[in-house]
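The structure under discussion appears below in the form of structure tokens.
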């Protein structure tokens, strides 16, 4: 599928096993925490037609930030050094995901607001479809996008809308906790 070598790392967080997949151009995919290493690996490598080598020292800054996040500490993942490899995505998808990537922890946007900020004011449903296929959950925080009526909306990760709501509430708690400690 890719000309470049694929590498992955799966590491334990307080919520389960989190995975990152990359080639030499950058991160391609991540998974939200899974109950065990095997499940995380299965979701991380689904659809990859070439083998991937495990590389435990891949993106140590991201690993540290993600572990901190799941331990309840404010961690701005965008400050960790990494490059995203989105060469297989459409321009529309890249624009939507780039806007989504900038939503701060503890805040949300509606699908409509996201589409408008991406330059496509009438494409809220299409933006939602892009988020449903987000290859980098948490790093591109699609869980921070909600319906215009204030309801949580769908979420393609395990646990669906319940997981999305829990993540939003968790982040609000982390932000409040961080502000108290300043």
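Has segment 112-127 got at least one residue that is in contact with a helix residue (DSSP H, G or I) (Cβ under 9 Å, 6 or more places away or on another chain) and in contact (Cβ under 8 Å) with a residue 40 or more places away in the chain? Give the steps one after another, and end with the answer.
Step one: of segment 112-127, the residues in contact with a helix residue (DSSP H, G or I) (Cβ under 9 Å, 6 or more places away or on another chain) are 112-127.
Still in the running and in contact (Cβ under 8 Å) with a residue 40 or more places away in the chain: none.
No, every residue in segment 112-127 fails to be in contact with a helix residue (DSSP H, G or I) (Cβ under 9 Å, 6 or more places away or on another chain) and in contact (Cβ under 8 Å) with a residue 40 or more places away in the chain.
For residue 109, indicate whether it is in contact (Cβ under 8 Å) with a residue 12 or more places away in the chain, in contact with a helix residue (DSSP H, G or I) (Cβ under 8 Å, 6 or more places away or on another chain) and over 24 Å from residue 21 (Cα atoms).
Working: in contact (Cβ under 8 Å) with a residue 12 or more places away in the chain: yes; in contact with a helix residue (DSSP H, G or I) (Cβ under 8 Å, 6 or more places away or on another chain): yes; over 24 Å from residue 21 (Cα atoms): yes.
Judged against the criteria, residue 109 is a match.
Residue by residue through segment 113-129, note down the ones that are crowded, with 21+ Cβ neighbours inside 10 Å and within 22 Å of residue 171 (Cα to Cα). Before the answer, list the steps.
Of segment 113-129, the ones crowded, with 21+ Cβ neighbours inside 10 Å are 114-115, 118, 127.
Answer for segment 113-129, where residues must be crowded, with 21+ Cβ neighbours inside 10 Å and within 22 Å of residue 171 (Cα to Cα): just 114.
For a quick check of your reading: which strands (runs of 3 or more DSSP E) sit entirely within segment 1-105 and have at least 2 residues that are surrounded by 13 or more Cβ atoms within 10 Å (Cβ to Cβ) and touching a residue at least 40 places away in the same chain (Cβ under 8 Å)? Don't jump to the end; show me each part of the working.
Details: elements: 6-13, 16-23, 26-34, 52-54.
In segment 1-105, the matching strands (runs of 3 or more DSSP E) lie at 6-13, 16-23, 26-34.
Kindly indicate whether residue 119 is outside any helix (DSSP H, G or I), more than 26 Å from residue 22 (Cα to Cα) and at pLDDT 95 or above.
Details: outside any helix (DSSP H, G or I): yes; more than 26 Å from residue 22 (Cα to Cα): yes; at pLDDT 95 or above: yes.
Yes: the conditions hold for residue 119.
Per-residue answers, yes or no, for (1) in a helix (DSSP H, G or I); (2) surrounded by fewer than 17 Cβ atoms within 10 Å (Cβ to Cβ); (3) more than 11 Å from the chain's Cα centre (by Cα); (4) outside the structural domain of residue 20 (by TED's automatic domain parsing):
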{"residue": "131", "(1), (2), (3), (4)": "yes, no, no, yes"}
{"residue": "138", "(1), (2), (3), (4)": "no, no, no, yes"}
{"residue": "149", "(1), (2), (3), (4)": "no, yes, yes, yes"}
{"residue": "154", "(1), (2), (3), (4)": "no, yes, yes, yes"}
{"residue": "157", "(1), (2), (3), (4)": "no, no, no, yes"}
{"residue": "161", "(1), (2), (3), (4)": "yes, yes, yes, yes"}
{"residue": "164", "(1), (2), (3), (4)": "yes, no, yes, yes"}
{"residue": "171", "(1), (2), (3), (4)": "yes, no, yes, yes"}
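One line per residue, one yes/no per condition, for (1) in the same structural domain as residue 135 (by TED's automatic domain parsing); (2) under 23 Å from residue 152 (Cβ atoms); (3) over 15 Å from the mean Cα position of the chain (by Cα):
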site: 19; (1), (2), (3): no, no, no
site: 30; (1), (2), (3): no, yes, no
site: 34; (1), (2), (3): no, yes, no
site: 43; (1), (2), (3): no, yes, no
site: 52; (1), (2), (3): no, no, yes
site: 55; (1), (2), (3): no, no, yes
site: 84; (1), (2), (3): no, no, no
site: 104; (1), (2), (3): yes, yes, no
site: 108; (1), (2), (3): yes, yes, no
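The values are calculated or read from the model by the stated rules, or taken from the named source; none is laboratory data. Just so you know, these numbers come straight off a predicted model, no measurement behind them. All Cβ positions, even for glycine, are placed from backbone atoms using ideal geometry, and neighbour counts span all protein chains on display.
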